[in-house]
Ligand SMILES: NC(=O)C1=CN([C@@H]2O[C@H](COP(=O)(O)OP(=O)(O)OC[C@H]3O[C@@H](n4cnc5c(N)ncnc54)[C@H](OP(=O)(O)O)[C@@H]3O)[C@@H](O)[C@H]2O)C=CC1
Ligand SMILES: O=C(O)[C@@H]1CCC=N1
């Protein structure tokens with residue numbers, strides 16, 4: 001099986017790096033807009049640097065579309081004829097672009113999977129949603145799902161839920177980094193070094209996330225376990241709520257969802 005990537009930016013590199021750390025040995029063909037960006041990365045990672053997007057299609061069985069939405073139309077027009085002729089499996093991670101839109105731009109017979117990964121695939125802790133069109137065989141969807149199970153968790157999700165998933169998993173690493181940075185800055189305010197404070201905050205977030213995943217208790221019950229009566233945690237929790245913590249998080253995710261839906 002040969003894999004192709006059209007676009008070799010942050011998300012494509014996170015996926016490829018994650019796969020290589022987890023023993024994926026498939027030949028990977030890549031192309032992006034600027035030679036000076038993709039050729040050195042390809043050399044360093046043992047990938048095959050293709051001279052154009054059409055060569056990626058011609059040489060690959062599965063092609064990942066990893067470009068920004070704004071350049072997607074141009075890329076699809078470029079590869080349309082070779083996709084029609086070769087009939088490879090196309091996997092798009094482009095935010096906000098539906099299976100129907102992709103089918104219309106390519107071919108009614110095109111085999112399409114839409115995914116929404118997140119950058120944490122790079123360290124084997126990704127969260128990826130997948131949905132396929134009717135032309136994809138269940139074995140093909142299983143194969144792609146397995147590639148993402150190697151670098152994290154996966155969910156087969158109806159396409160109508162993809163915008164919500166972007167907020168909860170595609171974009172949310174940025175919001176969690178923001179939260180960790182805010183905690184670390186508080187540490188700095190009280191005299192810790194930024195590095196020390198960041199390590200403390202990140203480990204606290206990691207442990208809390210693992211606890212939520214492994215416990216049968218809800219996050220609200222876990223909160224109660226930490227809040228000693230008359231203690232420090234309840235004082236902080238009430239101050240967070242007074243500052244609108246829950247509302248701020250919901251508003252942030254609402255804005256993400258609306259943007260994904262083009263509103
Ligand atoms: N970043 C993230 O966390 C996530 C991103 N996504 C989605 O993944 C896609 C890629 O995002 P991301 O990696 O962050 O973006 P980047 O801007 O980091 O990468 C975009 C890539 O597209 C390449 N490119 C631009 N024009 C062309 C072209 N005409 N032909 C081929 N390649 C081209 C760029 O080339 P060059 O580098 O040479 O200029 C670059 O390698 C987006 O649609 C995004 O919505 C989805 C989930 C998470
Ligand atoms: O910001 C973006 O549009 C992309 C989608 C999910 C993460 N990054």
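The values are calculated or read from the model by the stated rules, or taken from the named source; none is laboratory data. Keep in mind that what you see is a predicted model, and the values were worked out from it rather than measured. All Cβ positions, even for glycine, are placed from backbone atoms using ideal geometry, and neighbour counts span all protein chains on display.
State which residue is farthest from the chain's Cα centre (by Cα) when the search covers only the range 160-195 and only residues that are surrounded by 15 or more Cβ atoms within 10 Å (Cβ to Cβ) and not in a helix (DSSP H, G or I).
192
Give the residue, chosen from 55, 51, that is part of a loop (DSSP other than H, G, I, E, B), in the same structural domain as residue 13 (by TED's automatic domain parsing), more than 16 Å from ligand 2 (Cβ to nearest atom) and closer than 23 Å to residue 26 by Cβ. Show your work before the answer.
On the way: 55 fails: part of a loop (DSSP other than H, G, I, E, B).
Of the residues listed, the single one that is part of a loop (DSSP other than H, G, I, E, B), in the same structural domain as residue 13 (by TED's automatic domain parsing), more than 16 Å from ligand 2 (Cβ to nearest atom) and closer than 23 Å to residue 26 by Cβ is 51.
Among the numbered criteria (1) without any contact (Cβ under 8 Å) to a residue 40 or more places away in the chain; (2) outside the structural domain of residue 252 (by TED's automatic domain parsing), which single criterion is violated by residue 116?
It fails just one condition, (1).
Would you mind stating whether residue 157 is surrounded by 11 or more Cβ atoms within 10 Å (Cβ to Cβ) and in the same structural domain as residue 70 (by TED's automatic domain parsing)?
Answer is yes for this residue.
Identify the single condition in (1) more than 16 Å from ligand 2 (Cβ to nearest atom); (2) within 24 Å of the chain's Cα centre (by Cα); (3) part of a helix (DSSP H, G or I) that residue 71 does not satisfy, given that it satisfies every other one.
Condition not satisfied by residue 71: (1).
Hey, can you tell me all the residues within the range 162-186 that are away from ligand 1 (no atom under 15 Å from the Cβ) and either under 11 Å from residue 253 (Cα atoms) or out of contact with any helix residue (DSSP H, G or I) (no Cβ under 6 Å at 6 or more places or on another chain) (or both)?
Hits for the range 162-186 are 179, 181, 182, 185, 186.
Inspect all residues belonging to the range 196-205 and state whether any of them is at pLDDT 95 or above, farther than 22 Å from residue 121 by Cβ, in contact with a helix residue (DSSP H, G or I) (Cβ under 9 Å, 6 or more places away or on another chain) and not in a helix (DSSP H, G or I).
For the range 196-205, residues at pLDDT 95 or above, farther than 22 Å from residue 121 by Cβ, in contact with a helix residue (DSSP H, G or I) (Cβ under 9 Å, 6 or more places away or on another chain) and not in a helix (DSSP H, G or I): absent.
When the residues of the range 38-68 are narrowed to those that are near ligand 1 (Cβ under 9 Å from one of its atoms) and loosely packed, with under 13 Cβ neighbours inside 10 Å, which ends up nearest to residue 96 (Cα to Cα)?
Residue satisfying both the conditions and the ranking: 68.
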